[in-house]
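The values are calculated or read from the model by the stated rules, or taken from the named source; none is laboratory data. No experiment lies behind these values; they were computed from the predicted model shown. Positions of Cβ are generated from backbone atoms using ideal geometry, with glycine treated the same way; all protein chains shown enter the neighbour counts.
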Amino acid sequence: MEHQFQQDVYPPETIIFFNQFSGAISSASPVTVNTTTAECNNITWNGVAGTPLFNSANASNTLNIFGSSVWQTGMLYQVAVTNYRSTNIGNILTSNDVKIQGNTTFSGIGGWILNDKFSSPANDLNFTNGNLNTNNQPLTLKNFGPLDKGTGARTLTLGNSIITVNRNWPISVMAVRQSL
């Protein structure tokens, strides 16, 4: 049985929890984004038995997160596109060693802080708006979206982060400002 994650079920202000009371979630019974755009505020996976799978029905399905996210250690994250769209600062992303298998975009005017390493070696990270603080955490990506394109002002705070980009990180020297 597939659990469906649909826009008309979860409005943007909804806080979503998947835990030991969420029923059997696995590759045989995944939680699937099966609409063009699904939205939530915060989303947390914690305590789901086994190896839960969160995926999307096809490559055009998008999950918009307007707050923070926590992924459960050992889960499979295969949502085609994840957009972080908050207008608030202080949103926390906790990956718990989950490899993100889908493109990630930061497009809201808010701010995000990585709580731990971010790994998406076969997919893109696009940073088109807001504030992203890597918090000295390592990142592994296929492509890092260009800083000279996007919808708004961006602040990228790297600290001592090591960023491994497997393909492209097109960056304009004019778009980079180093603060000491």
A careful count of residues in the stretch 67-116 that are at negative phi, touching a strand residue (DSSP E or B) at 6+ places or on another chain (Cβ under 7 Å) and assigned to a loop (DSSP other than H, G, I, E, B) gives 18
Looking at (1) in contact (Cβ under 8 Å) with a residue 24 or more places away in the chain; (2) under 28 Å from P30 (Cβ atoms); (3) surrounded by 20 or more Cβ atoms within 10 Å (Cβ to Cβ), which is the one condition that is false for N143? (3)
Between a residue in the stretch 84-107 that is in contact (Cβ under 8 Å) with a residue 24 or more places away in the chain and under 17 Å from P138 (Cα atoms) and any residue that is among the charged types (D, E, K, R) and assigned to a loop (DSSP other than H, G, I, E, B), which pairs come within a Cβ distance under 7 Å, given they are 6 or more apart or on different chains? T94/D116; S95/D116; S95/K117; N96/D116
Only one of N136, N131 is part of a loop (DSSP other than H, G, I, E, B), under 19 Å from N91 (Cβ atoms) and at pLDDT 95 or above. Can you tell me which? N136
Pick from the stretch 109-140, criterion touching a residue at least 24 places away in the same chain (Cβ under 8 Å) and of a type in the set (S, T, Y), ranking: farthest from N41 (Cα to Cα): T140
Please indicate, with yes or no, whether at least one residue in the stretch 82-100 is at pLDDT 95 or above, farther than 22 Å from R154 by Cα, surrounded by 17 or more Cβ atoms within 10 Å (Cβ to Cβ) and out of contact with any Leu (no Cβ under 9 Å at 6 or more places or on another chain). no
Of the residues S161, S119, S107, which single one is of a type in the set (S, T, N, Q) and out of contact with any Lys or Arg (no Cβ under 7 Å at 6 or more places or on another chain)? S161
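Out of the stretch 44-76, which residues are hydroxyl-bearing (S, T, Y), under 20 Å from P138 (Cα atoms) and crowded, with 22+ Cβ neighbours inside 10 Å?
At the first step, the residues of the stretch 44-76 found to be hydroxyl-bearing (S, T, Y) are 44, 51, 56, 60, 62, 68-69, 73.
Still in the running and under 20 Å from P138 (Cα atoms): 68-69, 73.
The one that is hydroxyl-bearing (S, T, Y), under 20 Å from P138 (Cα atoms) and crowded, with 22+ Cβ neighbours inside 10 Å: S69.
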Within the stretch 102-125, tally of residues that are out of contact with any Leu (no Cβ under 9 Å at 6 or more places or on another chain) and crowded, with 18+ Cβ neighbours inside 10 Å: 3
